[in-house]
Structure formats: C-alpha cells, structure tokens
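One structure below.
The values are calculated or read from the model by the stated rules, or taken from the named source; none is laboratory data. Being a predicted model, the structure only gives us computed values, none of them experimental. Cβ: placed from backbone, ideal geometry, glycine included. Neighbour counts: every protein chain shown.
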Amino acid sequence: MLSMGIHNGKREKPITVHIHRIPPGKVKEIELVWDRKLMLAISCDDSTHPRENPNQGIAAIDMGEIHGIAAVADTGEALIVTSRKLRSVKRLRNKKFKELYKKRSRCKKGSRKWKKYTRAIARTGSKTDNQQRDILHKISRKFVAWASGQGVNTAIVGDVEGVQRNTSRRKKKNIKQKLRSHGLNQKISQWPFGLLLAYLTYKLAALGIDLLKIDESYTTQTCPVCGRKKKPSGRMYHCHCGYTCHRDVHGARNILSRHKHGEIRNLDWKVNKIKYLRPAS
C-alpha cells in the first residue's frame, strides 16, 4: 500500500497496488509515477559491490553537444561517440511543439480541443525524454566498455557546468559581447550533459573506475605545443605552428594534460587511432 498523506486535515486512503513480480534484493524505495500512464518505480539493493580495479590507466573525456563523448586514454587510443541522433530527436520534438502550441493558441483555454492539444504536447515531451534517456544510456555504456578495455583506473571529465548560462536572447549588460544565434542557444540550453554525467558516474563506479571533474576552460582553444589560443572552426584544430588534431580529441588531450601536469602542455605520446561509434552500433 502507498500512503497518500494528509489532505485538508484528513488522511487520504492509501492506494493498494498488486505486483506480479518483485525484483530480487532489498526494496529501498517504491514510487508511483505518471508518464503517459501510472507506473510503479521500485528501487532495490541487489548487494552488488564495485569490482576491484588493479589498472593504472587514465582517460580524459570532453563532452560535447555534437559528439556526446570524445575521449582519449594514455595508451594513445581515442574514442568518439556521436550524439547526432539525439540532436535529430530534439529537432523533431521542437518542430512538433511549435505546431501544437500554435494550434492550441487558437483554442479557448479549458475547451475540449485545448485539452486535446495539451495532452499531445505532454505525449510528445514524454516520448522525447524516453528516447533521450535511451540514447544517453547507450553513449555512456559505449565509453565504459571502451575504458575497461583500455585498462583505465581514473577518468577525468571537463566540467561544463555554467555553459548553459546567458543563452537568453535578451540584451546583455556587456554590449561588446557577441550574441549567439537563436539556434545555437537552443542547442546549448537543451544539451543534457548533466544526465550523461550521472549515467557515467554510476556505470564507471560499478567497474571500480573513479570519475573526476576538472576545469575545462580554454582546453579546446589552446595549442599544447606553442600555447597560442585560437577558436577552432570545423571539426579539426589547426595551429600556425603546424599542430593539428581532431577538435574534440584535442580538447580531451588538453584535459588529460591539465590533470597530470596542472597546465596544458604537449604530451609525450600521440593519438594512434580514433574509434568512431554511434550509440546504437
């Protein structure tokens, strides 16, 4: 039975739910949730402990909106997992939202048609959320499997907290600051990096791999050879000194360098191979 608490000074009658199968392990929490239908969410402790991890390897992660994860390990191997499918899902969601909100705006609030479009908006949002969770789970699982194969003991991720600030189109106090386009602001504001980081945290912990966050400022712009700062254009980073690397792998290398040396400097090894993966592959 689920307690419904007290309403208007009276305790509500509890809801009785019949479950055909309870997952093995000690039940920690039971929650009744609504997502297009009523569902029962059960959290259980399966008594599984993190594995012993004798490895000594280090990998760095540069999270991005186009490539969900770009990672490099000190073995010289690199991994890129694209999140273009998620971008496509979000674009379709935004297009449907625009159509439904426009149609609903022509209806009287509370009318049958207004409620119909409101339900359609909720269904569209719920479907996209489920698709997003599925894609992010697959992206994080691809990285965890790769990191385990590279003998990684510690994973370093660039801290992108705050990147979604100042995405409003309202006039900024600093008039010299260049305003980003509406499309770019929309992509950044809808970038679910926090959810991806949460999935990575517990998946890596299960394998005994520590996940640490580090300041990623200027890691994409700084050349590790000559130290010159340059905003890259396109997917490749080219410097006047002759250094060139894939833009996201370059950022991951600089994150790894900052973790090991406390500053961005050229590492004594090169990236031998870049492995490209899609979430569903």
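Whether any residue in region 11-21 is surrounded by fewer than 12 Cβ atoms within 10 Å (Cβ to Cβ), of a type in the set (Ser, Thr, Tyr) and touching a residue at least 40 places away in the same chain (Cβ under 8 Å) is what I want to check. Taking every residue of region 11-21 in turn, none turns out to be surrounded by fewer than 12 Cβ atoms within 10 Å (Cβ to Cβ), of a type in the set (Ser, Thr, Tyr) and touching a residue at least 40 places away in the same chain (Cβ under 8 Å).
Looking only at residues that are within 25 Å of the chain's Cα centre (by Cα) and aliphatic (A, V, I, L, M) in region 40-66, which one is surrounded by the fewest Cβ atoms within 10 Å (Cβ to Cβ)? Of everything passing the filter in region 40-66, ALA41 is surrounded by the fewest Cβ atoms within 10 Å (Cβ to Cβ).
Residues that are touching a residue at least 60 places away in the same chain (Cβ under 8 Å) and in contact with a strand residue (DSSP E or B) (Cβ under 9 Å, 6 or more places away or on another chain): find the strands (runs of 3 or more DSSP E) completely inside region 28-116 holding 1 or more of those.
Because the criterion is at least 1 residues that are touching a residue at least 60 places away in the same chain (Cβ under 8 Å) and in contact with a strand residue (DSSP E or B) (Cβ under 9 Å, 6 or more places away or on another chain), the strands (runs of 3 or more DSSP E) in region 28-116 that meet it are 57-63, 67-73, 77-82.
When region 263-281 is filtered for residues that are in contact with a Ser or Thr (Cβ under 9 Å, 6 or more places away or on another chain) and not hydrophobic (A, V, I, L, M, F, W, C), the ones remaining, listed by number, are GLU263, ARG265, ASN266, ASN272, TYR276, ARG278, PRO279.
Yes or no, residue by residue, for (1) under 13 Å from the mean Cα position of the chain (by Cα); (2) within 19 Å of ILE58 (Cα to Cα); (3) small (Gly, Ala, Ser):
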{"site": "LEU196", "(1), (2), (3)": "yes, no, no"}
{"site": "ALA206", "(1), (2), (3)": "no, yes, yes"}
{"site": "ASP215", "(1), (2), (3)": "no, yes, no"}
{"site": "GLN221", "(1), (2), (3)": "no, no, no"}
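Within region 1-26, being closer than 30 Å to ARG123 by Cα and touching a Cys at 6+ places or on another chain (Cβ under 7 Å) holds for one residue alone: PRO23.
Could you go through region 251-261 and let me know if any residue there is in the same structural domain as ILE66 (by TED's automatic domain parsing), touching a Lys or Arg at 6+ places or on another chain (Cβ under 8 Å) and more than 23 Å from ASP215 (Cα to Cα). Can you show your working first?
Step one: filter region 251-261 for residues in the same structural domain as ILE66 (by TED's automatic domain parsing), giving 251-261.
Right, trim to touching a Lys or Arg at 6+ places or on another chain (Cβ under 8 Å) and you get 257.
Still in the list and also more than 23 Å from ASP215 (Cα to Cα): none.
No, that holds for no residue.
Condition check: touching a His at 6+ places or on another chain (Cβ under 8 Å) and surrounded by 11 or more Cβ atoms within 10 Å (Cβ to Cβ). Does THR82 satisfy that?
Numbers: touching a His at 6+ places or on another chain (Cβ under 8 Å): yes; surrounded by 11 or more Cβ atoms within 10 Å (Cβ to Cβ): yes.
Answer is yes for this residue.
In summary, strands (runs of 3 or more DSSP E) completely within region 185-281 and bearing 3 or more residues that are in contact (Cβ under 8 Å) with a residue 40 or more places away in the chain occur at 210-215, 273-277. Kindly check whether there is at least one residue in region 171-189 that is modelled with pLDDT under 95, under 29 Å from VAL271 (Cα atoms) and within 21 Å of the chain's Cα centre (by Cα). Yes.
Looking only at region 104-159, which residues are at positive phi and buried (at least 16 other Cβ atoms within 10 Å of the Cβ)? Steps first, please.
Keep residues of region 104-159 that are at positive phi, which gives 110, 151.
Correct list: GLY151 only.
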